[in-house]
Amino acid sequence: MQDYLKGLNEKQKEAVEHLDGPLMIVAGAGSGKTKVLTTRIAHLMQHGVDAFNILALTFTNKAAAEMKERIEKILGNSEARNLYIGTFHSVFARILRAEANKLGYPNNFTIYDSDDAKSVVKSIVSDMNLDDKHYKPAYVYNRISAAKNGLIDPRAYKQDTFIQQEDARSNRPLLGDIYEAYAMRCFRNGAMDFDDLLFKMYELLVRFPEVLAKYQHRFHYILIDEYQDTNVAQYQIIKMLGAVHENICVVGDDAQSIYSFRGATVQNILQFEEDYDDVKVVKLEQNYRSTQSILNVANEVIANNKNQIKKELWTDNTAGEKITLVRTQTDNDEGRFVADAITEMKLRNHYANKDFVILYRTNAQSRSFEESLRRMNIPYRLLGGVSFYQRKEIKDFLAYLRVIVNPQDEENLKRIINYPARGIGKTSIERVIIAANTHNTTFWEMLHQPAATGLKGAAASAIEEFVTRMKSFQVMLEKQNAYDVAFAVGKHTGLVQELYNDKSVEGLARYENVQELLNSIKEFTETPDEEGELREKTLGSYLQQITLLTDADNNKDENSDVVKLMTIHAAKGLEFPCVFSVGLEENLFPSAMSLYDRSDLEEERRLFYVAITRAKERLWVTYANSRYRFGNLVQNEPSRFIDEIPEKYLDRTFTGINSRGAQGSVGGFGKSLNQSFDKVPSLKKLADKLQQAPPAEHKPTSDFKADDPMAMEVGMEVEHLKFGFGKITSVEGGANNRIATVQFQGGHGQKKIMLNYAKIRIVK
């Protein structure tokens, strides 16, 4: 057996060697908590504790498997296989299998996943003759889930005055009846949903004292990982199971409690010392992950939370670079900056793609970063979500737009004809398809004559109304820009309202994604092209642009060397050499919904703390002066969290797009280019002169043919398809991002040209 205590620091060793009595290990980010937890279990077994008497609870199966593997390696035998190590749900399911008959369930009860559960809810709503657009299965299921995690059964739910008032305000007074019917249906089916594995475990221990006593004496030692993420049900079960021996060890970090939307409560770890007598508290404050510069920022930010366990992270690692704070003009500039910074860091410091992660508050923010990474040919992968343009709600919306542009597009037409639901069922659609094939015509043409398909009544009327609506959108195409048409589609089809009405966490995310799509279309219609011109911004040209961008998704890059994009919630437990924490703006991060409650605001600050502490070597914090939200260009204030970082830890940068479309960077906060422009008389005169005498229009040479970008060198005379003749004064970047500075003739002046995308001919 190896010397398992070797390599532990003094605080880690103190936590491992404490045998009996309640123990709270406050494990700061990157402090080696998994190592401490597994070594402690091995230490208990080495001191005679039977593996069968140890219960270790985690939040992921991966963590549980890793712990068992490490313990086996430490002990050098297979005793670790006898440990009760697993997630709360897997361990409790194992116990419930053995005791289910006491609750009236078969031992082989079915476990419903969320889709199964929502399907049961949907059938109950239908049986009760309720409107499933109002009593949405996802919303109802989430409401039931929250009740179970709070240990509220159907009877208590219906008797709770506050809950009933809340349901009445949402105009859903029958939620309690649905919950009651749902519980009865699951019981009749011999099934438990995911939340029941906690709820029924609690019920088992409360209703059957002999069962409680059995497991209290089975588990002499209980260890809980990520204790700050436990909910009410988990807290009560642990308290009951550990009541006899009180050898409870909890490991966690209140500063990383970020899952209140799942029912987790930070109070569980904050009040642990009040729950037990003579609690030993060990703080693991030495960080093995990050530079001291990153930890300084993390410490300063989290110190602003009043409700916390005080600690100060430190490290023996190098001081490292200052944190780079970047202000951009727009969210698209933000995306471009991140892509450019990744490219530069790879060239200068030889980082790989996998060394970078982009962390954002909501999945809807991924669009600008995806587009910028694609343009720079940087491979990436979204974690914790699907690609923006592959999300169902986005595909549904784009299907409407594609049918408006091309009504013969049968696949997209079938996708939207009954979404949102308008009474055109599967049988009706099949009849139209058969009729179209019989009459040798298109699906769209056959929709114009529903009577010829044999359809009558409500279905025929619904089809006629759908066709009329789609034709009205097609008329708009002739007079309106892409955004106006898209906005009308969202409004008049009921698609946006459908998503808005779903107040679940998932529903809110889908609604935000559609708003982000509308924002991108709005920006497309109002943004000049590379040469500063505003061209005709039709819906067809927008869809073509999107199609070209998303075609790359068809070729899945299996290479793991990719940039990661994810929400901060999805990043917990991970680490990366280089981290971009983006979108640090008021009402976005912190979220607008958190600004009126201290506990919510403190959770947002903990979320930022988690983002900071994912970084090992370099950290960028970015925000945009403006971004499109709900179709409007919104001016943003920087996040209050930025003000909580002392200036001495920051390296400020401003980057934006000037009036001609060229990208520039200004050290410090920088001044608005337009403000500086007006204050310098010579520049003002030059601007007036340029406005009076526009650059000459260039007619390309008859045999114009673009040359290889890699062949372009300083000093060459070249011809640009639009700007005409000029001379290359500098070339920078690699094969995928080669940029040339060219001095053009004819009043076009000096321009930076992305050679991989521009069409340039070498003259000599």
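None of the figures in this text is laboratory data; all of them are computed from the coordinates on show. These numbers were taken from a predicted model, which means no experiment stands behind them. With ideal geometry, Cβ positions are generated from the backbone for all residues, glycine too; neighbour counts draw on all protein chains shown.
Relative to 2.2 N^0.38 Å, what does the C-alpha radius of gyration of region 406-462 come to as a ratio? Two decimals please. Walk me through the numbers on the way to the answer.
On the way: Rg = 10.4 Å, N = 57, 2.2 N^0.38 = 10.2 Å.
So region 406-462 has a normalised radius of gyration of 1.02.
Within region 111-133, name every residue whose backbone N is under 13 Å away from a label modeled 7 Å from Cα of residue 501 along the Cβ vector.
130-133
Let me have the relative contact order for the chain, percent, based on Cα pairs under 8 Å that are six or more residues apart.
Details: 1220 pairs, mean separation 102.9, N = 764.
Dividing the mean separation by the residue count of the chain yields 13 percent.
Enumerate the amide H contacts of residue 223 below 5 Å, restricted to partners 5 or more residues apart or on another chain; note that Pro and chain-start residues carry no placed amide H.
For residue 223, the qualifying residues are 55, 56, 57, 249.
For the chain, find the longest principal axis of its Cα atoms and tell me its angle to the long axis of helix 33-46, 0 to 90°, nearest 10.
With both axes taken from Cα atoms, the answer is about 20 degrees.
Give a residue-ordered list of calculated ³J(HN,Hα) values for region 617-623 (Karplus: 6.51 cos²θ - 1.76 cosθ + 1.60, θ = phi - 60°; whole Hz; x for Gly, Pro).
10, 9, 9, 10, 10, 10, 8
Tell me, what ³J(HN,Hα) does each residue in region 186-200 have, in order and in whole Hz, if you take phi through Karplus 6.51 cos²θ - 1.76 cosθ + 1.60 with θ = phi - 60° and put x for Gly and Pro?
Along region 186-200, the couplings run 4, 4, 5, 7, x, 10, 10, 8, 4, 5, 5, 5, 8, 4, 6 Hz.
How large is the Kirkwood hydrodynamic radius of region 91-157, counting all unique pairs of alpha carbons, in Å?
Evaluated over region 91-157, this radius sits at 13.6 Å.
Taking the Cα centre of the chain as origin, work out the dipole magnitude from +1 charges on Lys and Arg Cβ and -1 charges on Asp and Glu Cβ, in debye rounded to 20. Mind showing how you got there, number by number?
Numbers: 98 positive and 104 negative charges, 207 e Å.
Charge dipole, the chain, about its Cα centre: 1000 debye, nearest 20.
So, in nm, how far is label residue 756 from label residue 281 when the simple model puts each one 7 Å beyond its Cα toward the Cβ?
In this crude spin-label approximation the distance works out to 5.2 nm.
Any chance you could run the full-extension gain for residue 101 through residue 587? It's 0.36 nm times the residue separation minus the Cα-Cα distance, nm to one decimal.
On the way: separation 486, 0.36 × 486 = 174.96 nm, distance 5.06 nm.
Extra length available between residue 101 and residue 587 comes to 169.9 nm.
I'd like the Kirkwood hydrodynamic radius of the chain, using the inverse of the mean 1/r over distinct C-alpha pairs, in Å.
Working: mean 1/r = 0.0333 Å⁻¹.
Taking the inverse mean of 1/r over all distinct Cα pairs, the chain comes out at 30.1 Å.
Can you tell me which lysines have their Cα less than 19 Å from the Cα of residue 705? Leave out same-chain residues fewer than eight positions away.
Cα-Cα hits under 19 Å: 722, 727, 759, 764.
Treating the angle as unsigned and between 0 and 90°, give the value, to the nearest 10°, between the Cα long axis of helix 61-75 and the longest Cα principal axis of the chain.
Once rounded, one gets 60 degrees.
Equivalent ellipsoid semi-axes for region 1-154, as square roots of 5 times the alpha carbon gyration tensor eigenvalues: give them largest first, rounded to whole Å.
Details: eigenvalues 351, 68, 34 Å².
Computed over region 1-154, the values are 42, 19, 13 Å.
Pull up the cross-link candidates among the aspartates and glutamates for residue 283, meaning alpha carbon to alpha carbon under 16 Å and not fewer than 8 places away within one chain.
Qualifying aspartates and glutamates at Cα under 16 Å: 10, 14, 17, 225, 226, 253, 254, 273, 312.
Can you count the Lys pairs in region 1-69 whose Cα atoms are under 17 Å apart, with each pair 8 or more apart or on different chains?
10
Could you derive backbone 3J(HN,Hα) for region 116-126 from the dihedral phi with the Karplus parameters 6.51, -1.76 and 1.60 (θ = phi - 60°), listing whole Hz in sequence and x where the residue is Gly or Pro?
So the J values, rounded to whole Hz, are 4, 4, 5, 5, 5, 4, 4, 5, 5, 4, 5.
Can you give me the long-range amide H partners of residue 706? Hydrogens built in the peptide plane at 1.01 Å from N, cutoff under 5 Å, separation of 5 or more residues or another chain.
It is none; the list stays empty.
Just to be sure I understand the curve: with the Debye formula and one point per C-alpha of region 68-211, what is log10 I(q)/I(0) at q = 0.11, 0.15, 0.16, 0.19 Å⁻¹?
One equal scatterer on each Cα of region 68-211 leads to -0.50, -0.80, -0.87, -1.12.
Amide H of residue 323 versus every other amide H placed in the peptide plane: which residues, excluding those fewer than 5 positions away on the same chain, fall under 5 Å?
Distant-sequence amide H within range of residue 323: 651.
What 222 nm value per residue comes from the helices of the chain, counting each DSSP H run with n ≥ 4 as -39,500 (n - 2.57) and dividing by all residues, nearest 500 deg cm²/dmol?
The helix-only estimate for the chain comes to -13500 deg cm²/dmol at 222 nm.
For the pair residue 188/residue 434, report the inter-label distance in nm, with labels modelled 7 Å from Cα in the Cβ direction.
With each label point 7 Å from Cα toward Cβ, the separation is 3.4 nm.
Once you wrap a convex hull around the alpha carbon atoms of region 201-249, what is its projected area averaged over all directions, in nm²?
Details: hull surface 12.8 nm².
With the hull built on Cα positions only, its mean projection is 3.2 nm².
Which pairs in the list 322/616; 122/158; 306/616 are over 23 Å apart, alpha-carbon to alpha-carbon? Can you show the working numbers first?
Values: 322/616 12 Å; 122/158 20 Å; 306/616 27 Å.
Pairs exceeding 23 Å: 306/616.
In straight Cα distance, which aspartates and glutamates are under 14 Å from residue 73, not counting same-chain residues fewer than 8 positions off?
Of all the aspartates and glutamates, those that pass the test against residue 73 - Cα under 14 Å, at least 8 places apart if same chain - are 3.
Need one number: nm distance between label points at residue 261 and residue 595, each 7 Å from Cα along Cα→Cβ, rounded to one decimal.
1.8 nm
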